[in-house]
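Enquirer: Just passing along the structure, written as structure tokens.
The values are calculated or read from the model by the stated rules, or taken from the named source; none is laboratory data. These figures come from a predicted structure and were not determined experimentally. Here the Cβ is made from the backbone with ideal geometry for all residues, glycine too, and neighbour counts use every protein chain on show.
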Amino acid sequence: MEAENAAKKVVGVKALVEKIEVSLPHAWARTNGEIADEVLAALKANWTVPNDKVMVKVENGWITLEGELPWNFQKEAAKKTVNYLLGVKGVTNNITIKSNTNEAIEKADVEAAIGRSWTVDDRDIVVSVSGTTVTLSGTVNSWYQRDEAARIAWNTPGIWHVKNELAVDYEYAFS
């Protein structure tokens, strides 16, 4: 994950193909049962992840997280909690978001939240709302801005899905 994040920060990167295979030293090898026990303990110790809402599957050191949570930050916290545990080769985060609020999502609220961020140039970001889904389209000048705009959109109450269709154009930053 760190290699992927570093590659996204390189100016000019528009696509990323990941073919990294994790091979652990024999001394670090753990059984799937040992990893599962540690994952469950770590999730229970993390106060941001609601107890008994996340199911865990471990196969050959690869963790799959499933379940429903009300906020995206909880989904991200679950992944971060287990990502660096000893013996973990990778994490698939299949947790879905199902908000507890029934309030209608206002397009203007999402646009205003993105506009308040000094780290995101929102001139060419188009926000559309359909039910509990927000779609971001347009152009930004870095992967960071693309990811940050989606993170901000996820913080809007009532969001179940964010479709991040923002294109990264580094030349846009210099125009």
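Enquirer: Can you name every residue in region 87-101 that is modelled with pLDDT of 90 or more and exposed (fewer than 15 other Cβ atoms within 10 Å of the Cβ)?
Expert: If the condition is that a residue be modelled with pLDDT of 90 or more and exposed (fewer than 15 other Cβ atoms within 10 Å of the Cβ), then T92, N94, T96 are the ones that fit.
Enquirer: Identify all residues within region 31-84 that are of a type in the set (V, I, T) and either closer than 24 Å to T156 by Cβ or under 15 Å from the mean Cα position of the chain (by Cα) (or both); write none if there are none. Steps first, please.
Expert: Here is the first cut: in region 31-84, the ones of a type in the set (V, I, T) are 31, 35, 39, 48-49, 54, 56, 58, 63-64, 81-82.
Scanning region 31-84 gives T48, V49, V54, T64, T81, V82.
Enquirer: In this structure, does W143 turn out to be of a type in the set (A, V, I, L, M, F, W, C) and surrounded by 15 or more Cβ atoms within 10 Å (Cβ to Cβ)? Write out each step before concluding.
Expert: Values: of a type in the set (A, V, I, L, M, F, W, C): yes; surrounded by 15 or more Cβ atoms within 10 Å (Cβ to Cβ): yes.
Against the criterion (of a type in the set (A, V, I, L, M, F, W, C) and surrounded by 15 or more Cβ atoms within 10 Å (Cβ to Cβ)), W143 qualifies.
Enquirer: Here's something else I'd like to know. Give, as residue ranges, the strands (runs of 3 or more DSSP E) completely inside region 65-175 that count at least 2 residues that are within 21 Å of K53 (Cβ to Cβ). First the steps, then the outcome.
Expert: On the way: elements: 90-97, 125-130, 133-140, 161-168.
Output list reads 90-97, 161-168.
Enquirer: Condition (residue is in contact with a Leu (Cβ under 7 Å, 6 or more places away or on another chain), under 17 Å from R146 (Cβ atoms), part of a helix (DSSP H, G or I) and at pLDDT 70 or above) applied to region 6-17: is it met by at least one residue?
Expert: From region 6-17, those in contact with a Leu (Cβ under 7 Å, 6 or more places away or on another chain) are 7-8; that's our starting set.
Within this subset, residues satisfying the condition of being under 17 Å from R146 (Cβ atoms) are 7-8.
In the following step, the residues that additionally are part of a helix (DSSP H, G or I) were identified as 7-8.
Applying the additional criterion that residues be at pLDDT 70 or above yields 7-8.
Looking through region 6-17, at least one residue is in contact with a Leu (Cβ under 7 Å, 6 or more places away or on another chain), under 17 Å from R146 (Cβ atoms), part of a helix (DSSP H, G or I) and at pLDDT 70 or above.
Enquirer: Can I ask one more? Which of (1) β-branched (V, I, T); (2) touching a Gly at 6+ places or on another chain (Cβ under 7 Å); (3) within 23 Å of V10 (Cβ to Cβ) is the odd one out, the single condition I105 does not satisfy?
Expert: (3)
Enquirer: Does region 20-34 contain any residue that is surrounded by fewer than 16 Cβ atoms within 10 Å (Cβ to Cβ) and touching a helix residue (DSSP H, G or I) at 6+ places or on another chain (Cβ under 8 Å)?
Expert: Checked against the condition, which is being surrounded by fewer than 16 Cβ atoms within 10 Å (Cβ to Cβ) and touching a helix residue (DSSP H, G or I) at 6+ places or on another chain (Cβ under 8 Å), region 20-34 yields at least one hit.
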